[in-house]
Amino acid sequence: MYDCVILGGGIMGLSLAYELAQRDKKVVVVDHREIGRQTSWAASGIIPATSVERAPDPYAKLCGISARLYPEWTARLTQESGISPEYEAVGGIHVARSAGELISLEFNVQQMRDDGIEIERLSLEALHEYEPALAATLGTNGVTAAYWVPDEAQIRPPRLMKSLRAACASRGVTLWGETEVLEFVREEQRLTAVMTSRGELRSDAFCVTAGAWTDDLLRPLHVALDIQPWRGQLVLLAARPGLLRHVVNEGPNYILQRRDGQVIVGSTMEEVGYDERTDASIEQLRAYAGKMIGQLAGAEMLHCWAGLRPHSNDGFPYVGSVPGFDNCFVAAGHHRAGITLAPGTARVLTQLILNEATDVDMLPFQLSR
């Protein structure tokens with residue numbers, strides 16, 4: 001008998017399992033593929049700057065709580081697992097290359113300032129000091145404006161997932177990968193068990209954290225959230241360590257560098273169903289990297305991949321109880337913000353499961369909204 005069965009072994013499922021295990025709860029995580037190898041593994045790992053005190057809405061507050069938790073959370077994961085997720089508060093450079101982009105960027109800058117986030121306009125001359133590799137190609141990359149966000153951070157998702165897996169295992173969490181969910185057992189307003197390809201799991205609580213596959217699991221419960229998979233393609237390039245000092249952002253595009261020198265370039269947003277293949281967009285990302293950072297032109301491509309981001313119709317994630325059930329919960333639909341929101345979502349969802357007061361107003365996240 002478990003305290004909680006978690007269906008979905010990505011960043012949400014493992015973060016929730018880790019949070020519950022710290023409360024001495026008996027937890028099992030089930031996934032139809034390898035635990036920790038789906039969209040979460042494929043993410044870039046950018047953690048935007050946020051504020052809790054001046055957050056304009058519950059979503060922004062949840063972002064702020066997560067960002068505030070990250071340094072201590074990852075330090076604890078490193079200590080317990082022996083695997084560093086490589087959390088680094090490197091800061092971000094946000095640029096515009098056209099008049100339209102500048103209007104959009106300045107609108108976002110004003111919103112950030114209103115929310116209490118520190119941000120500073122950089123002259124193109126100052127850009128040489130802050131991000132020399134970007135400034136070196138100002139004549140050809142078209143950058144006309146730049147802002148510096150000191151509190152932006154990054155993490156390495158594959159290492160984060162490995163660290164979470166190991167920390168969960170060390171705290172006694174059972175991990176069932178390559179396991180299919182076959183059937184739910186229901187008694188009135190409660191689930192009592194889930195039948196899987198490896199046997200029956202009985203529990204006091206159940207939580208679906210299956211990302212883009214969440215609707216498939218909820219269908220037998222007659223719940224439809226219409227979470228859709230949006231494909232995001234990324235490319236990994238070889239570069240000398242220390243080439244970039246910050247995360248470089250241009251609208252939805254970004255370039256960031258890991259400690260070992262590897263550079264991630266992303267990303268696309270494509271409504272192509274469950275197609276996880278890469279296509280010609282990879283070459284476009286490589287060309288983009290070379291145009292923005294001249295030293296990346298012709299850089300060796302080490303790897304390319306795609307992840308399926310779980311997108312909700314209104315852009316808000318679903319975090320809450322399943323209508324009609326007293327002990328079934330969902331955390332899904334985080335789209336591009338799964339890594340960003342993981343520790344905060346795990347905290348408030350644990351509070352919901354344990355019937356505690358939540359740190360955030362959960363009304364906007366309800367499944368019945």
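Readers should treat all values here as calculations from the given coordinates under stated rules, not as data from a laboratory. Small disclaimer: the values here were computed from a predicted structure and weren't measured. All Cβ positions, glycine included, derive from the backbone under ideal geometry; neighbour counts span all protein chains shown.
Observations on the structure shown:
- Leu138 paired with Ala75, simple spin-label distance in nm, labels 7 Å along Cα-to-beta-carbon: 3.8
- When the trypsin sites (Lys or Arg not before Pro) in the stretch 252-341 are filtered for DSSP coil states and for at most 13 other beta-carbon atoms within 10 Å of their beta-carbon, the remaining sites are Arg259, Arg277.
- Relative contact order (%) - criterion: Cα under 8 Å, at least six apart; region: the stretch 271-320: 38
- Helix 157-170 axis, angle to the chain major axis (alpha carbon atoms, nearest 10°): 30
- The chain, relative contact order in percent, only Cα pairs under 8 angstrom and at least six apart counted: 23
- Between Arg68 and Arg33, the C-beta separation translates, for a Förster distance of 51 Å, into a calculated FRET efficiency of about 0.95.
- Within the chain, longest stretch clear of exposed GluC sites (Glu not before Pro) (DSSP loop, no more than 14 other Cβ within 10 Å): 189-270
- Simple Cβ-charge dipole of the chain, Lys/Arg +1 and Asp/Glu -1, about Cα centre, in debye nearest 20: 740
- Each label point was placed 7 Å from the Cα along the Cα-to-Cβ direction; for Glu271 and Asn108 their separation is 2.2 nm.
- Cα-based helix-to-principal-axis angle, 58-81 vs the chain, degrees rounded to 10: 80
- Translational diffusion of the stretch 70-159 was estimated from the Stokes-Einstein equation, with Rh taken as the Kirkwood radius over Cα pairs; at 10 °C and 1.306 mPa s the coefficient is 106 µm²/s.
- For a straight C-alpha distance cut-off of 22 angstrom, the lysines reachable from Lys162 (same-chain residues fewer than eight places away being disregarded) are Lys25, Lys26.
- For the stretch 253-326, applying the loop criterion from DSSP together with a ceiling of 11 other beta carbons within 10 Å to the chymotrypsin sites (Phe, Trp or Tyr not before Pro) yields Tyr274.
- Put a dot 7 Å past the Cα of Ser98, heading toward its Cβ, do the same for Tyr130, and the two dots end up 2.3 nm apart.
- From the alpha carbon centroid of the stretch 166-239 to that of the stretch 39-70 is 23 Å.
- Coil-residue trypsin sites (Lys or Arg not before Pro) of the stretch 111-212, DSSP, other Cβ within 10 Å capped at 15: Arg198
- Given (1) 76, 48, 44; (2) 59, 48, 44; (3) 68, 41, 39, the label whose value is Cα extents along the principal axes in Å derived from this model: (3)
- Rounded, prolate or oblate (a/c below 1.5 giving rounded, otherwise prolate when a/b exceeds b/c) for the stretch 107-243 by Cα gyration tensor: prolate
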